[in-house]
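Visitor: Encoded as structure tokens, here's the structure I'll be asking about.
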Amino acid sequence: MAEIIKKTDKNTIKRVADEIRNGKIAVFPTDTVYGLGTNAFNPVSVKKIYKIKSRNYRKPLPLLISSIESVRSLVKHIPDNVEVIANKYWPGPLTLVLETSDLGNILMSGRKTIAVRIPDNKFLLSLIRELRVPLVGTSANISGRDVCRCVSDISGNILTDVDIIIDTGMIKSKSVSTVLDVTRFHYVVAREGEITRHELKKFLKI
């Protein structure tokens, strides 16, 4: 039975971070939807995330990070124009797909790209900083189904398979993060979310 947590004080953050670091799986609020995650360095727990979501193993899981400095250790390079928009929209609803560094390659099980985001949620950022490792952060839904903005909307199958549920109420956002793939010569908006393609065109050729 999952532990339901509604407090977001420092002691709670430290305790939850310790549990996730040790491989526990949590449901947590982000700035866009409720997320599902674990320690990205724990392959057993990461595999459980795939199983819980019924997600195709060929689809990599995105990572939630607390700073651009943390991103640098996971990627080969952040192009100057991409760093400009990262500084503009992070923390926020922008997921960047970048080429992996050696460390990122290990985390992605040999994949050459990695999806990263800095979420605009005070509790979650504090949790990631306390965690001190990248957090797998995917939407808390069965793959292909609607995302959830309150815990009561999350599938019972997910809620019974996780260890911790952090319930801070309804998330006000009406959209998901925009996914921008910058690993190709022409950058590609892989998913248009809260940040529109039109908005990104002010800074990039896409």
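Visitor: Would you look at the GNM of the chain, springs on alpha carbons closer than 10 Å, and say which of 53, 174, 14 moves the most?
Guide: Comparing 53, 174, 14 in a Gaussian network model of the chain, the most mobile one is 174.
Visitor: Using the Cα centre of the chain as origin and beta-carbon charges of +1 (Lys, Arg) and -1 (Asp, Glu), tell me which of 11, 85, 67 is placed farthest towards the positive end of the dipole.
Guide: About the Cα centre, the residue reaching furthest to the positive side is 85.
Visitor: Can I ask one more? Please compute the alpha carbon radius of gyration of the chain, then divide it by the globular-protein estimate 2.2 N^0.38 Å. Two decimals is fine.
Guide: Numbers: Rg = 16.1 Å, N = 206, 2.2 N^0.38 = 16.7 Å.
Normalised Rg, Cα atoms only: 0.96.
Visitor: Give the long-range amide H neighbours of residue 5: residues separated by 5 or more places, or on another chain, with amide H under 5 Å away, using H modelled in the peptide plane at 1.01 Å from N.
Guide: Here the answer is 165, 166, 167, since their amide H atoms fall under 5 Å of that of residue 5.
Visitor: Same structure again: Take every DSSP beta bridge whose two residues both sit in the chain, then give the antiparallel share in percent to the nearest 5. Write down the numbers at each step before the final one.
Guide: Values: 17 of 28 bridges.
Within the chain, antiparallel bridges account for around 60 percent of the total.
Visitor: Still on this structure, please answer the following. Order of 123, 185 from fewest to most other C-beta atoms within 10 Å? Spell out each step's value before the answer.
Guide: On the way: 123 19, 185 5.
So the residues, fewest neighbours to most, are 185, 123.
Visitor: Based on the mean of other Cβ atoms within 10 Å per residue, sort peptides 186-197, 97-108 so the most packed one is first.
Guide: 97-108, 186-197
Visitor: To make sure I understand, if each residue's beta carbon is the centre and we count other beta carbons within 10 Å, what order do 154, 164, 20 fall in, fewest to most?
Guide: Working: 154 23, 164 18, 20 26.
The order, fewest Cβ neighbours first, is 164, 154, 20.
Visitor: Right, here's the next one. Jot down the radius of gyration and Dmax of region 1-120, Cα atoms only, both in angstrom.
Guide: When restricted to the Cα atoms of region 1-120, Rg and Dmax are 14.9, 47 Å.
Visitor: On to the next question. Check the straight Cα-Cα distances from residue 201 and name the lysines below 21 Å, setting aside those fewer than 8 residues away within the same chain.
Guide: 88
Visitor: Oh, and also: In whole angstrom, how far apart do the alpha carbon centroids of region 60-78 and region 34-53 sit?
Guide: 17
Visitor: What aspartates and glutamates does residue 172 reach when the alpha-carbon gap must be under 16 Å and sequence neighbours fewer than 8 apart in one chain are set aside?
Guide: Answer for residue 172, where 16 Å is the Cα cut-off: 31, 120, 146, 153, 194, listed by chain and number.
Visitor: Looking at this model, which pairs from 6/59; 10/53; 24/59; 53/112 are more than 27 angstrom apart at the alpha-carbon? Mind dumping the intermediate values first?
Guide: Working: 6/59 31 Å; 10/53 29 Å; 24/59 21 Å; 53/112 23 Å.
Too far apart for the 27 Å limit: 6/59; 10/53.
Visitor: Based only on other Cβ atoms within 10 Å, what is the fewest-to-most ordering of 31, 181, 18? Can you show the working numbers first?
Guide: On the way: 31 21, 181 18, 18 12.
If I rank by nearby Cβ atoms, fewest first, I get 18, 181, 31.
Bear in mind that the values in this text are calculations on the coordinates, not laboratory data. Nothing here was measured: the structure is a model prediction, and the numbers come from that model. Counting neighbours? That spans all protein chains shown, and the Cβs are built from the backbone with ideal geometry, glycine included.
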